[in-house]
Amino acid sequence: MPHYPPRPPPGIRRLIWNQRIFIESTFATSMMQPWEKALILTVLSLVTLLIWFSLYTYFPSHVAYLSRRWSYYVYGDETVEVLAPIKAYIVAQIGRVLGGVKGVVGGEKGRLEL
């Protein structure tokens, strides 16, 4: 009798099975008892959740802080809008792309012209 679960037929179940076997063989969880697997999975999930929470909570304010510091060192003033040239470029590019499409798709009075 094999020590691993039988391989399922092709499809989504096979992909999930392949990922499970890959993770179990990489991290040697195939040698652990079920309660040990649950403990390891719980700890890793908790750590991952805390990392994502901290990124979601603190990363935007830290990027804003770094942006102000960068503008201070480059321009000598923290109040300079750092992203203004980038935003202007993106808006200009979008306007250029949509300007070419406007006559074709917009049409007269919002009608679709093909």
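The values are calculated or read from the model by the stated rules, or taken from the named source; none is laboratory data. Note that the structure is predicted; figures quoted are calculated from it, not measured. Positions of Cβ are generated from backbone atoms using ideal geometry, with glycine treated the same way; all protein chains shown enter the neighbour counts.
Which is of a type in the set (A, V, I, L, M, F, W, C), at pLDDT 90 or above and over 28 Å from I86 (Cα atoms), of L55, L41, L50?
L50
Report whether or not T26 is of a type in the set (S, T, N, Q), exposed (fewer than 11 other Cβ atoms within 10 Å of the Cβ) and at pLDDT below 95.
Yes, satisfied.
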Q) Taking S71, is it assigned to a helix (DSSP H, G or I), in contact with a His (Cβ under 9 Å, 6 or more places away or on another chain) and not basic (K, R)? A) no
Q.
For region 58-83, which positions are surrounded by fewer than 10 Cβ atoms within 10 Å (Cβ to Cβ), over 29 Å from the mean Cα position of the chain (by Cα) and among the hydroxyl-bearing types (S, T, Y)?
A. Y73, T79
Q | In region 74-89, the residues that are of a type outside the set (S, T, N, Q) and part of a loop (DSSP other than H, G, I, E, B) | A | G76, D77, E78, V80, E81, V82, L83
